[in-house]
Amino acid sequence: MLEVDVIIIGAGASGLMCAIEAGKRQRGVLVLEHANKPGKKILMSGGGRCNFTNYSVEAEHYLSQNAHFCKSALSRYTQWDILNILLSECDKASVDIQLNIAIKSIQQRGASGFVVKTNKQEIACQSLVIATGGLSIPKMGATPFAYKVAEQFGIAVQSTRAGLVPFTLHVEDKEKYAALSGLALSAIISNARQSFTENLLFTHRGLSGPVALQMSSYWREGEELEINLLPGLDLQQQILQAQQEKNRLKVKNYLAQYLAKRLVSIFLQDDLLELSLLDLSHKQIRFIAGQFNHWKIKPNGTEGYRTAEVTLGGVDCHAISSKTLQANHVDGLYFVGEALDVSGCG
């Protein structure tokens, strides 16, 4: 039986970082990865930009007496160099990485560690690190492995769901707003607990863009959302002011200065769009403003783990040491990365 100091299951960002640090401490480290390549999620995160920096590094994005300093420093490394840096550091720390490894079982070995049985061999270790991530992007190999290991050792797992994920709409709403697919605009999305301001993107399936992704982590099934399509603009007051100024523009022409025509035509009927601002009643003005400042919609759901950027929930952090990431009641067992019940927010 092969014996090593540390086995790390999972060659993602957290697993590789853990391997580097353990290797630097002169511990014998073996990383086991079920995929055919390490760091697949590192390469695809951030739309293929590794969440390292902007796709295009421009000097005007930085405040400095020499803004080109940042541009030059960051441009030394492309987004695709990040994984190679991690692998290079693993190599320097004498970390052994094995790919295409299926874990068959994990058993404790008395008080001295664990035995991991794989599709190729049995391996004993003193410390076992679970770094297999959450359920997001199953096509990249995401599995509930970490949760199963936690449950095997009596560690609680908080219920999981997809986060940072686009919303889908009910059939009738999807058909109604289909013509808006590809349209992006600044918006505020709110529910009873949270509010975010960012770009909203209409898709052929529903609502996406940064503001929708942020809200998805705080949304609950069956909950209605309120969306302000004109952040910073009180449309009711604007129209009332226009009436005082004797503005005779038609509603459709007036709104065209704020919103895309195709959006306006879907939210308001033609008979209202053809009216002059001066002919609008207070009730009509409130209705128009409500459509764009207080649009209410109930999503059908989200696109789920298929496109989610994170998994909400996971291994209960009450059962894990925040200093060492070791399980409180299982010596030598560690959980790191997205397997834990920790997700970033805006």
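A compact table of results
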| item | result |
| --- | --- |
| All aspartates and glutamates inside 20 Å of K246 as judged from Cα atoms, apart from same-chain residues fewer than 8 positions distant | D234, E274, D279 |
| Distance violations [Cα-Cα > 21 Å] among K176/K298; K24/K71; K71/K92; K176/K252; K174/K261; K252/K283 | K24/K71; K71/K92 |
| Value of relative contact order over segment 66-126, rounded to a whole percent, pairs C-alpha under 8 Å and six or more apart | 18 percent |
| Cross-link partners of K40 among lysines (Cα-Cα below 18 Å; sequence separation of 8 or more within a chain) | K139 |
| Amide hydrogen neighbours beyond the local backbone of L225, cut-off 5 Å, H modeled | I297, K298 |
| Spatially proximal lysines relative to K120 (Cα-Cα < 19 Å; intrachain offsets below 8 disregarded) | K37, K104 |
| Segment 261-331: trypsin sites (Lys or Arg not before Pro) falling in loop per DSSP and having at most 14 other Cβ within 10 Å | K323 |
| Once the Cα gyration tensor of segment 161-269 is diagonalised, semi-axes √(5λ) in Å | 28, 16, 11 |
| Carbon + sulfur, % of accessible area of segment 142-269 - ligands and nucleic acids excluded, 1.4 Å | 46 percent |
| In range of the label at L240: residues from segment 259-292 whose backbone nitrogen is under 17 Å from the point 7 Å along Cα→Cβ | 277-292 |
| Antiparallel %, DSSP beta bridges [both residues in the chain], to 5 | 65 percent |
| The chain - accessible surface per residue (Å², probe 1.4 Å) | 52 Å² |
| Centre separation in Å (Cα based) which lies between segment 1-32 and segment 267-282 | 67 Å |
| Length added when fully stretched, K139-S159, from 0.36 nm per residue minus Cα-Cα | 5.1 nm |
| Segment 1-45: trypsin sites (Lys or Arg not before Pro) falling in loop per DSSP and having at most 15 other Cβ within 10 Å | R25 |
| In segment 144-211, the trypsin sites (Lys or Arg not before Pro) that fall in loop regions by DSSP, at most 12 other Cβ within 10 Å | R193 |
| For segment 87-120 and segment 190-234, distance of Cα centres in Å | 43 Å |
| Part-to-part distance (alpha-carbon centres) for segment 283-312 and segment 138-183, which is given in Å | 17 Å |
| Neighbour count of at most 15 Cβ within 10 Å plus DSSP loop: longest GluC sites (Glu not before Pro)-free window in the chain | 59-220 |
| Unit charges on C-beta of K, R, D, E only; dipole of the chain, Debye | 320 debye |
| Convex hull volume per residue in cubic angstrom - Cα atoms of the chain | 173 Å³ |
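The values are calculated or read from the model by the stated rules, or taken from the named source; none is laboratory data. Values in this document were obtained by computation on a predicted structure and should not be read as measured data. Reconstructed Cβ throughout: ideal geometry from the backbone, glycine too, with neighbour counts over all protein chains shown. Accessible surface areas use protein heavy atoms only, side chains included; no ligands, DNA or RNA. Shrake-Rupley method; radii C 1.70, N 1.55, O 1.52, S 1.80 Å.
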